[in-house]
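Visitor: Have a look at the structure that comes next, please.
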Amino acid sequence: MIPCIRPRRPLWPAAVLVVLLLASGPVAARPLRFTTIDTPPWAWIDPANGRATGLFPALVADLGRRLGSPVSITLAPFARVPHDLQQGRADCTILVWNPAWSAFLLRGERVVSHHFGVIARKGVPLRGTGDLRGLRISVLRGLDLGRPLSGDPAIRVRHDTDYRTGLEMMRLGRLDAVAGALPTLRYLARQAGMEALLGETLPLATVPLPLQCAKTSPAIGRMPALNAAIAAMRRDGTIDRLSRDYGYE
């Protein structure tokens, strides 16, 4: 787990800055600044000790060790991540790729792949994509899951800041389903004691989460080294081991 330093004036209420002092030499070079979503078990701050934990911090910590580089991590809502990269507040992320981001991001090595889909409230039929029509479904703001969730006016999509909001609205009966990363949704429901709320699941796709770095970042020249380190982590089993540690199969 990673010690957390909270900025006096955060750029976003949910954003948290953590710094890993991973360099092996006297004075470290400029840290590689990573950002990602604040969502367990991918990444979150443990309220018991104020330390960052999750699969993403573990992956980034290993990358920093392999490169001999200090690394900083910012956690933020999904929609904030590409904005911070575009504005130069971060260098890289590991996240679902959105083709619209190619104007300001370079796509690198695949790190992991996650199963995405829709989970309905118990009692709501969800056996095929046709059952999505007429449902009220929560989707993360900024997350494009494509068809059938996009472009069908019969599917009532509500864009929320985080998965917890969607689950809570489903518990209150204001939504029929939530869409997103299935392992994350199940983890959060279990954490909140809402497992009994979940009904049928409709898998939509297995989505890669690649390294992505801002084209204007001063660290863009280090992207080949990052790609090589990620490939090595996959070959030696590090990524699979860490994924299992945090409940991703």
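Visitor: Can you tell me what share of the DSSP beta bridges in the stretch 114-206 is antiparallel? A percent to the nearest 5 is fine.
Guide: Details: 11 of 18 bridges.
Around 60 percent of the beta bridges assigned by DSSP in the stretch 114-206 are antiparallel ones.
Visitor: If the viscosity is 0.692 mPa s and the temperature 37 °C, what Stokes-Einstein diffusion coefficient in µm²/s follows for the stretch 114-206 when Rh is the Kirkwood radius over Cα pairs? It would help to have the intermediate numbers written out before the result.
Guide: Numbers: Rh = 12.8 Å.
Approximately 257 µm²/s, per Stokes-Einstein.
Visitor: Please list, in order along the stretch 218-223, the HN-Hα scalar couplings obtained from phi with the Karplus expression 6.51 cos²θ - 1.76 cosθ + 1.60 (θ = phi - 60°), rounded to whole Hz, x for Gly and Pro.
Guide: The phi angles translate into x, 8, 4, x, 8, 4 Hz.
Visitor: At Ala154 and Arg107, where each label point lies 7 Å from the Cα along Cα→Cβ, what is the point-to-point distance in nanometres?
Guide: About 3.1 nm, to one decimal.
Visitor: Considering only DSSP beta bridges whose two residues both sit in the chain, what percent are antiparallel, to the nearest 5?
Guide: Values: 33 of 47 bridges.
Approximately 70 percent, going by the DSSP bridge assignments.
Visitor: Let me ask something else about it. Could you give the spread of the C-alpha atoms of the chain along their three principal axes, from largest to smallest, in whole angstroms?
Guide: 60, 39, 39
Visitor: Oh, and also: Counting helices only, and only those DSSP H runs with n ≥ 4, report the 222 nm mean residue ellipticity of the chain as the sum of -39,500 (n - 2.57) divided by its residues, in deg cm²/dmol to the nearest 500.
Guide: Values: 6 runs with 60 residues, N = 249.
Mean residue ellipticity at 222 nm (helix-derived): -7000 deg cm²/dmol.
Visitor: Take the Cα atoms of the stretch 48-187, find their three principal axes, and give me the spread along each one in whole Å, biggest first.
Guide: 51, 40, 24
Visitor: Please give the FRET efficiency for Arg174 paired with Thr206, using the beta carbon to beta carbon distance and R0 = 30 Å, rounded to the nearest 0.05. Could the numbers behind the result be given before it?
Guide: Working: r = 30 Å, r/R0 = 0.98.
So, using R0 = 30 Å, E works out to roughly 0.50.
Visitor: Starting at the first residue of the stretch 185-198, write each ³J(HN,Hα) from the Karplus equation 6.51 cos²θ - 1.76 cosθ + 1.60 with θ = phi - 60°, in whole Hz, x for Gly and Pro.
Guide: Once θ is set to phi - 60°, the couplings for the stretch 185-198 become 4, 5, 4, 5, 5, 5, 4, 8, x, 10, 4, 5, 6, 7 Hz.
Visitor: What residues have an amide H closer than 5 Å to that of His114, excluding those fewer than 5 places away on the same chain, when H is modeled at 1.01 Å from N in the peptide plane?
Guide: Excluding prolines and chain starts, which carry no amide H, the hits are Val207, Leu209.
Visitor: Applying the Karplus parametrisation 6.51 cos²θ - 1.76 cosθ + 1.60 with θ = phi - 60° to the phi angles of the stretch 164-169, what ³J(HN,Hα) value in whole Hz is obtained for each residue in order, glycine and proline being reported as x?
Guide: 4, 4, x, 5, 5, 5
Visitor: Using modelled backbone amide H atoms (1.01 Å from N, in-plane), which distant-in-sequence or interchain residues come within less than 5 Å of Glu109's amide H?
Guide: Result for Glu109 returns Leu211.
Visitor: Could the peptides 188-197, 91-100 be put in order, highest first, of the mean number of other beta-carbon atoms found within 10 Å of their residues? Working shown, then result.
Guide: On the way: 188-197: 14.5, 91-100: 20.2.
Ranking, from highest mean packing down: 91-100, 188-197.
Visitor: Which of the peptides 50-56, 163-169 is most tightly packed, and how do the rest follow, going by the mean number of other Cβ atoms within 10 Å of each residue? It would help to have the intermediate numbers written out before the result.
Guide: Working: 50-56: 22.1, 163-169: 20.6.
Averaged packing, sorted descending, gives the order 50-56, 163-169.
Any read-out appearing in this document is the output of simple, stated calculations on the displayed coordinates, not a laboratory observation. If you're wondering where the values come from, they're calculated on a predicted model, not measured in any experiment. Here the Cβ is made from the backbone with ideal geometry for all residues, glycine too, and neighbour counts use every protein chain on show.
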